[in-house]
Amino acid sequence: MPRKGENIFKRKDGRWEGRYIKKHENGKAIYGYVFGKTYAEAKKKKSDALSRLSQVEQKAKISPLVKDIAKQWFNELKAIRKKSTLSKYETQLRKYVIPAFGNKRIDEITNENIATFCHNLFEKNLAPKTVSDILSRIKSIRKFALLQNYQVKFVSNCVKIPCKTQKIRILSLEEEKKLIGYLKENFSLTAFGILLSLFTGIRIGELCALKWSNIFFKEREIHVISTMQRIRNSDNSLKSKTVIEIGEPKSPCSIRTIPIPDDLMDLMRKMRGNYSDEAYLLSGSENYFIEPRTMENRFKSILKKSGSKNINFHALRHTFATRCVEVGFDVKSLSEILGHANVNITLNRYVHPSLQLKRENMNKLSNLFAVKILGS
């Protein structure tokens, strides 16, 4: 029998069952249930369930400001994200998300608010990729708020950002030959670094962080284990707004071993000289390094002096990948050399067959066409 007014019953199987109202839907009560071996145990479980329910309802009633829930979300990431990633997220929150939504409650934000926000970002001439990244931060905050049992009105897919694929610039064979000729005539550590990127596809940040200890001459390999980038300074006690961060590459797949081609190996042996193992390749010093921004500027200057068209340093990586495909390189091997998670990234983002290669492939069908169509 139930204890009076408590909705706790003794079941036929000997257990005690406690029943309580979880919520109302369409005018009907939706019940929750707890069970215990004794009346006291069932009563305590019911009391605990009602207490948790009350806390959930209280949270739902008092939604936090976006700036507060964003701060909680960001603080939880600090233990699991790289400094460079945290710096990127912090900048997106500080420059875009907080000014737009910071002083609004999370349950006040609507789908229309998000759509207007994205439209305004495009009005500021931000690239689709940038807008998409900022929107991803808002989606993450939304998910975090829901996990904390706060009410959220807008849905995660309320806005779709049309990301257009930009045509990637690579060096033509003539441009590549012209650049290599200039680098050979005006050889330096910087020229050596450019050639290294052109013939291994190494990223500019990885190149700048490369030391002679990462070159294994006996095995004829380069071990890529770190990258260099300039990020926003989170230490307010320092005057500089940005600092150089040297850490692990962008993903686990980017930690990799790159076999060194024979000609490049011969050049490396000539360059090795008396540099210490801990000296940076681009500076020849243990205490001084060339940062990516400086390397990019030096590359631009070399292009100008050599009479080549203006491209960014990353185009060397695209050029390397394209040349590898043109000579019949195994795509899986190429993907691992570039440090990609899968071959689709390699094929879709970095491989750009030339018109000449397309023409050669089409001409392979000539004999088949003659036999099947013309009957010759």
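Brief remarks follow.
- ILE134 meets all of the listed conditions (1) at pLDDT 90 or above; (2) surrounded by fewer than 18 Cβ atoms within 10 Å (Cβ to Cβ) but one, namely (2).
- Residue within region 206-218 that is touching a helix residue (DSSP H, G or I) at 6+ places or on another chain (Cβ under 9 Å), assigned to a loop (DSSP other than H, G, I, E, B), in contact (Cβ under 8 Å) with a residue 24 or more places away in the chain and surrounded by fewer than 18 Cβ atoms within 10 Å (Cβ to Cβ) present: yes
- Number of positions in region 87-131 that are open to solvent by 30 Å² or more (accessible area, probe 1.4 Å) and over 22 Å from GLN229 (Cβ atoms): 20
- Among the residues of region 308-330, those that are among the aliphatic types (A, V, I, L, M), modelled with pLDDT of 85 or more and either touching a helix residue (DSSP H, G or I) at 6+ places or on another chain (Cβ under 8 Å) or open to solvent by 50 Å² or more (accessible area, probe 1.4 Å) (or both) comprise ILE311, LEU316, ALA321.
- Some residue of region 47-70 being of a type outside the set (A, V, I, L, M), within 30 Å of SER226 (Cβ to Cβ) and within 26 Å of the chain's Cα centre (by Cα): no
- If you filter region 253-270 down to residues that are touching a Gly at 6+ places or on another chain (Cβ under 9 Å) and surrounded by fewer than 18 Cβ atoms within 10 Å (Cβ to Cβ), you find that the one that is nearest to ALA209 (Cα to Cα) is ILE255.
- Of the residues in region 146-168, at least one is part of a helix (DSSP H, G or I), on the phi < 0 side of the Ramachandran plot and either under 28 Å from the mean Cα position of the chain (by Cα) or at pLDDT 90 or above (or both).
- The number of residues in region 2-46 that are in a loop (DSSP other than H, G, I, E, B) and at negative phi comes to 10.
- Just one of (1) over 19 Å from ARG317 (Cβ atoms); (2) over 19 Å from the mean Cα position of the chain (by Cα); (3) not basic (Lys, Arg) fails for ILE231. It is (2).
- Candidates ILE106, ILE161, ILE180, ILE168: the one that is closer than 30 Å to SER308 by Cα and in contact with a Lys or Arg (Cβ under 9 Å, 6 or more places away or on another chain) is ILE168.
- Flag for ARG293 being of a type in the set (D, E, K, R), open to solvent by 50 Å² or more (accessible area, probe 1.4 Å) and in contact with a helix residue (DSSP H, G or I) (Cβ under 7 Å, 6 or more places away or on another chain): no
- As for region 1-16, it holds at least one residue that is of a type outside the set (Lys, Arg), open to solvent by 90 Å² or more (accessible area, probe 1.4 Å) and more than 29 Å from ASN149 (Cα to Cα).
- Unique match (being in contact (Cβ under 8 Å) with a residue 60 or more places away in the chain and more than 29 Å from the chain's Cα centre (by Cα)) among SER276, SER251, SER285: SER276
- Check on ILE225, open to solvent by 60 Å² or more (accessible area, probe 1.4 Å) and either within 27 Å of the chain's Cα centre (by Cα) or polar (S, T, N, Q) (or both): yes
- Residue within region 159-171 that is closer than 17 Å to ILE109 by Cβ and open to solvent by 30 Å² or more (accessible area, probe 1.4 Å) present: no
- Residue, least open to solvent (accessible area, probe 1.4 Å), within region 47-78, restricted to residues that are modelled with pLDDT under 85 and assigned to a loop (DSSP other than H, G, I, E, B): SER63
The values are calculated or read from the model by the stated rules, or taken from the named source; none is laboratory data. Remember, predicted model here, so these are calculated numbers, not experimental data. Glycine gets a Cβ as well: all are built from the backbone with ideal geometry, and neighbour counts include every protein chain shown. Remember, those area values only see protein heavy atoms, side chains included, never the ligands or the DNA or RNA. Shrake-Rupley method; radii C 1.70, N 1.55, O 1.52, S 1.80 Å.
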